[in-house]
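One structure is given here, and the rest of the page talks about it.
Every number here is computed from the coordinates shown, using simple stated rules; none is lab data. In this text, all values refer to a predicted model and were calculated from it rather than measured experimentally. Cβ atoms come from the backbone with ideal geometry, glycine included; neighbour counts cover every protein chain shown.
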Amino acid sequence: MKDDLVLRVKELNVEMEGETVINNLSFELKKGDAVTIIGPNGAGKTVLLKTLLGLLPYKGEISWKENIRIGYVPQRLPFIKDIPLSVKDFLRLKKPSEKELEETLNSVGFKQNLLDKKTGDLSSGQFQRLLIAWSLIKDPQVLLFDEPTTGIDIEGEETVYRLLERLKESRELTVLLVTHDLSVVYTFSNNVICLNRQPVCQGLPQEVLTPKNLEKLYGEEVKYYRHKH
Amino acid sequence: MSSLLLSLTVGTFVGGVAAYLGTLMLSRKMALVAGPLGHLTLPGIALALVYGFDISLGAFPFVILGIVLIWLFELKTKLPMEALTAVIFASGVAIAFLFLPIGQAEAALVGDISTVSLLDSIISVVLMALVFLTIMKIYPTMTLVNVSEDLAKSQGINVKKYNFLYLLLIAIVVALGVKVVGSLLTAALVAIPACSTRNLSRNMIQYVFGAIVFGVVSSFSGILLSEFSGFPAGPLIILVNAVIFLTSTTLKR
């Protein structure tokens, strides 16, 4: 594998209960890339991230750079509300040193008064930050980020995407981001994969997100695309 | 050593450890699983009573059998686990009543800790200590599995291995629990302390510590009350637990 190559996916096929969820997807991730994945609900975006993490069986090739450290931000954790875990309790499950715990919490902008709060009582924006903090423990080189379908709250001075951008710079992260927000695709990523069970388009957002491709990806309903200036 | 002291020792150990394990089971919405498994021990208890050997010894293989059957049927039928436990435990109870000596049914159903022997007590206490240490060791990992199996797997955790160990711990606790509170009430021994403490806790330490304290206190006072009132200890332990639960509900934060 070439030096700057982090991940190579070739002719990836994923089946679940006899149904094809990802059909013949190939792409590469280079060091420092910010790649977004877009597509309608049920298009296989979350399945793709889980497959890349080795959580699901697949056919085809997934090769990660050797000894790469991957951080994963899941879409949501519905069961966590059933467990009395404070913010600190939860992050300690990943066994960080106290120093790392503190640094991580600082880097996602968590104030001291939130540390002892129950995770179930956090706002959705705070919870998102908590999940990002989780993914940053153990110093990952790659971040797989699954955005919740409900979108992300805008709260405080820094949006989650600004935070991601900042973390990407300061930690030299390579990011693969599932999103529902087309504006994020333009501002954040250098590459986009349009997925609707099979790849619909791939490449630079400005080039491949044409009205025609978006219509193909989402059907008739999409009204948001960037006008050419 | 007086028999009261022995039953108090065994009771508090089993009560505390069952409550500790119960916090994990509640986190996973599995608190009631101990119920069917407890019922399923009835044929084993019946055998133990007929042939005069230790109740827990009779119960244990049946709990294991129950867990294996539930696991197999789930794999085969894809029916929800709670529905399968209903199938399994009812069958267990039905079989037991074919040959359970009716004069001793009470001991099987609500337990009888008052006659525990010294050897029994030592074995129970040692087993419970081992279970306690094992739970302590796997607690953080199991909590992560309870939060999200995907997240646990992405950390390289062998979830199947931990699940197996966890089920084994449940089996041991249920087998010893039936001796204290009987097959009908074992679920409560596991579930109620965890429910009470969840009402009151905001973090892991409060949750776990609270459950153990409630488990120990309820078993201890239930057995003492039994000594003075003449009622069986099992139901009294559970009633003390119920009172603690009701109090915790009014104090819920």
Phi angles of region A:16-26, converted by Karplus (6.51 cos²θ - 1.76 cosθ + 1.60, θ = phi - 60°) into ³J(HN,Hα) in whole Hz with x for Gly and Pro, give 10, 6, x, 10, 6, 9, 10, 10, 6, 9, 10
Taking the dipole of the protein assembly as shown about the Cα centre (Lys, Arg +1; Asp, Glu -1; charges at Cβ), the one of A:Val35, B:Leu65, A:Leu77 that reaches farthest to the positive side is A:Val35
Contact order relative to length for region A:1-123, counting C-alpha pairs under 8 Å separated by 6 or more residues, stands in percent at 24 percent
Note on chain B: contact order normalised by length, alpha-carbon pairs under 8 Å, 6 or more apart, percent, works out to 34 percent
Computed, not fitted: 222 nm per-residue ellipticity of chain B from DSSP H runs ≥ 4 (each -39500 (n - 2.57)), nearest 500, equal to -28500 deg cm²/dmol
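Enumerate by residue number the chymotrypsin sites (Phe, Trp or Tyr not before Pro) in region B:1-58 meeting two conditions: DSSP loop (anything except H, G, I, E, B), and at most 14 other Cβ atoms within 10 Å of the site's Cβ.
Those satisfying the criteria are B:Phe53.
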Quick note on A:Thr46, B:Thr250, B:Thr197, ordering by fewest other C-beta atoms within 10 Å, gives B:Thr250, A:Thr46, B:Thr197
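Could you quote the convex hull projected area for region B:116-234, Cα atoms only and averaged over all directions, in nm²? Before the final figure, lay out each step's value.
Values: hull surface 34.1 nm².
In nm², the orientation-averaged hull projection of region B:116-234 is 8.5.
Considering the convex hull of the alpha carbon atoms of the protein assembly as shown, report its projected area averaged over all viewing directions, in nm², one decimal. Write down the numbers at each step before the final one.
Values: hull surface 107.3 nm².
Reported value for the Cα convex hull: 26.8 nm².
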Looking only at aspartates and glutamates whose Cα falls under 17 Å of A:Lys168's and that sit 8 or more positions away or on another chain, we get A:Asp4, A:Asp33, A:Glu103, A:Asp139, A:Asp146, A:Glu147, A:Glu158
Rounded to the angstrom and largest first, Cα extents along the principal axes for region B:68-133 equal 45, 38, 14
Out of A:Phe188, B:Gly22, B:Val145 - ranked by how far each Cα lies towards the positive end of the dipole of the protein assembly as shown, with unit charges on the beta-carbon of charged residues - the top one is A:Phe188
The percentage of Cα-Cα pairs in region B:117-165 separated by more than 18 Å is 43 percent
The size of the Cβ-based charge dipole (Lys, Arg +1; Asp, Glu -1) of region B:3-251 about the Cα centre, to the nearest 20 debye, is 760 debye
Distance in nm between B:Leu75 and A:Leu115 label points, each 7 Å along Cα→Cβ, equals 4.6 nm
The answer for A:Asn191, listing residues at least 5 apart or on another chain whose modeled amide H is closer than 5 Å to its amide H, is A:Ala34, A:Thr36
Amide H proximity to B:Asp112 below 5 Å, modelled H, separation 5+ or other chain, gives B:Gly182
Label model pair A:Asn13, A:Ser183: point-to-point distance (7 angstrom along the Cα→beta-carbon line) in nm is 4.1 nm
Between A:Arg76 and B:Phe97, Cβ-based FRET efficiency (R0 60 Å, step 0.05) works out to 0.85
Rounded to the nearest 10 degrees, the helix A:160-171 long axis (Cα) sits at an angle to the longest Cα principal axis of chain A of 80 degrees
The convex hull of the Cα atoms of chain A, divided by residue count, gives a volume in Å³ per residue of 143 Å³
Along region B:15-20, Karplus-curve 3J(HN,Hα) (6.51, -1.76, 1.60; θ = phi - 60°) to the nearest Hz, with x for Gly and Pro, reads x, x, 5, 4, 5, 4
Cα-based Rg then Dmax for region B:3-251, in Å, read 17.4, 55
So the angle from the long Cα axis of helix A:98-107 to the longest Cα principal axis of chain A, reported in degrees to the nearest 10, equals 60 degrees
Yeah, region A:1-111 with a ≥ b ≥ c from its alpha-carbon gyration tensor (a/c under 1.5 is rounded, else prolate when a/b outruns b/c, oblate otherwise) is oblate
With the 8 Å Cα cutoff and a minimum separation of six or more residues, region B:37-124 has a relative contact order in percent of 37 percent
From fewest to most C-beta neighbours within 10 Å, the residues A:Ile193, B:Ile157 line up as B:Ile157, A:Ile193
Subtracting the Cα-Cα distance of A:Gln141 and A:Ser63 from 0.36 nm times their residue separation yields 26.6 nm
Treating only Lys and Arg (+1) and Asp and Glu (-1) as charged, each at its beta carbon, one finds that the protein assembly as shown has a dipole about its Cα centre, in Debye to the nearest 20, of 420 debye
Region A:9-58, convex hull of Cα, quarter of hull surface, nm² -> 3.7 nm²
Long-range amide H partners of A:Asn24, meaning residues 5 or more apart or on another chain whose placed amide H is closer than 5 Å, are A:Leu12, A:Asn13, A:Val14
Between A:Glu98 and B:Tyr51, the FRET efficiency computed from the C-beta separation at R0 = 56 Å comes out, to the nearest 0.05, as 0.50
Sequence order, region A:137-148: Karplus ³J(HN,Hα) from phi using 6.51 cos²θ - 1.76 cosθ + 1.60, θ = phi - 60°, Hz rounded, Gly and Pro as x, gives 5, 6, 6, x, 9, 10, 10, 9, 10, 10, 6, x
